[in-house]
Structures are given as structure tokens and as C-alpha cells.
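J.: Here it is, the structure in full.
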Amino acid sequence: MAAAFKKFWNRCAERRPLSTISLTNGAMGATGDILAQFLVPETKPTLSNSNTFSTADADTGSNEMSNARQLVATYNPWRTVRFFVYGCMFGPVAYKWYSFLDRRFPFPKPTSMAILSSRKQSQLASKKTSIIKRVSMDQLLFAPPAISAFFVIMGTMEGKSTDEIHASFRERYFKALVGNYILWPAAQLVNFGLVPLVYQVPFASAVSIVWSMYLSWCNRGGQPNPDRHTTLRNGM
């Protein structure tokens with residue numbers, strides 16, 4: 001099954017690389033938000049309205065079912081849609097950026113076994129230098145504006161005013177940037193060093209499941225989800 005999907009994905013990426021990467025990134029972003037909403041809910045479900053023991057409390061299965069229903073009831077599908085749309089928008093941008101880094105800091109061409117070991121060591125050192133340059137450029141030049149764009153785009157889709165977006169940015173940007181520097185430098189070392197260019201955005205998308213959960217939490221800012229049936233101004 002996995003092999004068949006990989007073959008299908010590769011075929012789509014060969015025919016329409018930007019569209020394939022866009023949808024893949026959007027799906028990963030949506031997955032991250034769904035996990036964020038169910039694993040990091042705004043409020044913990046209450047098991048009982050009373051602090052005293054009751055016969056209902058003894059029914060563990062009933063309590064678990066009640067908790068699950070409360071989580072489903074508080075799930076905001078419009079927030080997931082926003083993360084999907086943002087992911088679709090960001091995927092092609094990331095691909096173009098990774099392609100630029102690949103051209104700007106190319107790896108040395110591999111040599112045959114007959115080449116002296118000292119030459120190979122030199123090429124290995126050159127490759128490591130290119131990887132470090134790619135990660136440095138990515139984290140210093142691309143990550144800060146990308147995070148800024150996230151808060152602006154998400155705030156716009158939420159229907160926030162310019163002042164509200166600015167206030168949200170001031171409150172949450174630094175927290176998101178710190179989280180970025182905890183996760184992404186190590187992830188991008190692996191991505192740029194071991195993953196072929198065509199798979200770099202999907203690899204980053206997989207890591208982004210965790211990152212999207214964090215951004216979703218940051219963007220929420222500890223506020224409860226808007227009502228799932230609200231309009232663009234209050235939700236989507």
C-alpha cells in the first residue's frame with residue numbers, strides 16, 4: 001500500500017510538481033491542526049458536575065464516551081480548513097526556496113572509488129559546509145518572514161482587523177520563533193543533507209505535523225475555539 005502510494009505520488013510530482021507539493025503540504029497542515037485540537041484542547045473535559053462520587057463516575061466507559069463527545073463538540077473544522085489553505089499556499093513557496101538553496105549551495109559531484117581518499121574527504125567537508133549554509137540561510141532569512149506571514153494570513157482568514165492582527169503578532173511571534181529554532185534547525189540538517197530535492201517539502205511537511213500543532217496552539221493564544229458555525233468574521 002505504501003509503495004503504491006509512493007509510486008502514485010512520484011507520478012503526480014513529475015507531472016505537476018507544484019500542485020502535488022501544494023496539496024501534500026495542505027493535507028499535512030490540516031492533520032497537524034486536527035491533532036492539535038484533539039490532543040491539546042482548550043479546556044479539559046469535565047467528568048462530572050459534582051466533586052462528590054456518584055454512580056455515574058463508576059462507569060469508566062461512559063465517562064470516556066462523554067469525554068470523546070465533548071472533544072468532538074468543541075472541534076472547529078473551519079480552523080482546519082484555514083490550515084489546509086495556508087499549507088497549500090506555503091508549499092510551492094517552500095519548494096521554490098529549497099530549489100534556490102539547492103542551486104546556490106550545490107553539493108560536490110560524487111567521485112568514483114578510484115579517487116584518492118583525501119579527495120573524498122575534501123568533498124565530504126564541502127558537502128557539510130553546503131548543508132550548514134543552507135540551514136543558516138533557511139533559518140536566518142526565510143523562517144522569520146515565513147512565521148510573520150503565517151500570523152498575517154491566518155489572521156486575515158479569521159476575519160481579524162489590522163489592529164487585531166498586529167496585536168496577535170506582537171503577543172505570539174516571539175514564542176513561535178523560539179519554537180522554530182528549537183525544532184527546525186535539526187530537522188533541516190536532515191532534510192538538506194539526506195533528502196532529495198523533490199522530497200524535501202514532503203519531508204518538511206511531515207515534520208510540520210508537529211510544527212502545525214505548535215503554531216495552532218500559538219495562534220489560538222489560549223483562547224477557546226470560535227463557534228463551529230460562525231461566519232468569516234468570527235471564524236472562517
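Values quoted throughout were computed directly from the atomic coordinates according to the rules given, and no laboratory measurement underlies them. In this text, all values refer to a predicted model and were calculated from it rather than measured experimentally. All Cβ positions, glycine included, derive from the backbone under ideal geometry; neighbour counts span all protein chains shown.
J.: Test of understanding: what is the full-extension gain from ALA4 to ILE182, defined as 0.36 nm times their sequence separation minus their Cα-Cα distance? The partial results should precede the final answer.
T.: Values: separation 178, 0.36 × 178 = 64.08 nm, distance 3.46 nm.
Length gained, ALA4 through ILE182: 60.6 nm.
J.: What order do you get for 21-32, 176-187, 87-98 when each peptide is scored by the mean count of other beta carbon atoms within 10 Å, highest first?
T.: On the way: 21-32: 22.4, 176-187: 14.8, 87-98: 19.8.
My ranking of the peptides, most packed first, is 21-32, 87-98, 176-187.
J.: For VAL190, VAL207, which order do you get if you count the other beta carbons within 10 Å of each Cβ and list the fewest first? Intermediate values should be presented prior to the final figure.
T.: Numbers: VAL190 13, VAL207 19.
Ranked by crowding around the Cβ, least crowded first: VAL190, VAL207.
J.: Near LYS7, which lysines are there with a Cα under 26 Å away, not counting those fewer than 8 places off in the same chain?
T.: LYS7 reaches LYS96.
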